[in-house]
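Enquirer: Take this structure, written in structure tokens, and hold onto it; I'll ask about it next.
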Amino acid sequence: MAGYTMVRLPMSVKNIFTEWLQKNRPEAAEKVLNYIMSTRDGKLNDANFGSRMRGQGLRADSIEKMFDVFCRKFGLNEKDIQLSIECFKRPENQLSFF
């Protein structure tokens, strides 16, 4: 199985990432931030459910198509995996830890 999440930079991460990028890759910083913003409607983050993990726009669509091509090429995501709770056992007295 394979999956992906589009880069998003919420407030708690935006400044740290931007500073790191400016320090370590100053020649690419503007390009990287513009790429992220092109998938986030001009912003570095999108908190809306449904679009925050995948992004939107032409670049996001292109990334999704490329991901699908490579999944097919390497035989990923071809089967539905049925998960089971058969081996899960709820702890008897979980609150005893406190």
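Enquirer: With out of contact with any Asp or Glu (no Cβ under 9 Å at 6 or more places or on another chain), part of a helix (DSSP H, G or I) and among the aromatic types (Phe, Trp, Tyr) as the only criterion, which of PHE67, PHE49, PHE88 stands out?
Expert: Result of the check over PHE67, PHE49, PHE88: PHE67.
Enquirer: Sort through SER62, SER84 and tell me the only one that's among the hydroxyl-bearing types (Ser, Thr, Tyr) and more than 17 Å from the chain's Cα centre (by Cα).
Expert: From the options SER62, SER84, the qualifying one is SER84.
Enquirer: Please find, within region 71-86, the residue that is farthest from ILE36 (Cα to Cα) out of those that are surrounded by 11 or more Cβ atoms within 10 Å (Cβ to Cβ) and of a type in the set (A, V, I, L, M, F, W, C).
Expert: Only one residue fits best here, namely LEU76.
Enquirer: Right, here's the next one. Check ASN45, ASN77, ASN24 and return the single one that is over 23 Å from ALA2 (Cβ atoms) and within 20 Å of the chain's Cα centre (by Cα).
Expert: On inspection, the qualifying residue turns out to be ASN45.
Enquirer: Right, another one. Would you check which residues across region 6-30 are assigned to a helix (DSSP H, G or I) and exposed (fewer than 11 other Cβ atoms within 10 Å of the Cβ) and list them?
Expert: MET11, SER12, ASN15, ILE16, LYS23, ASN24
Read the figures in this text as sums done on the coordinates, not as results from a lab. Keep in mind that this is a model prediction, so the values were computed, not measured. We place every Cβ from the backbone using ideal geometry, glycine too, and count neighbours over all the protein chains shown.
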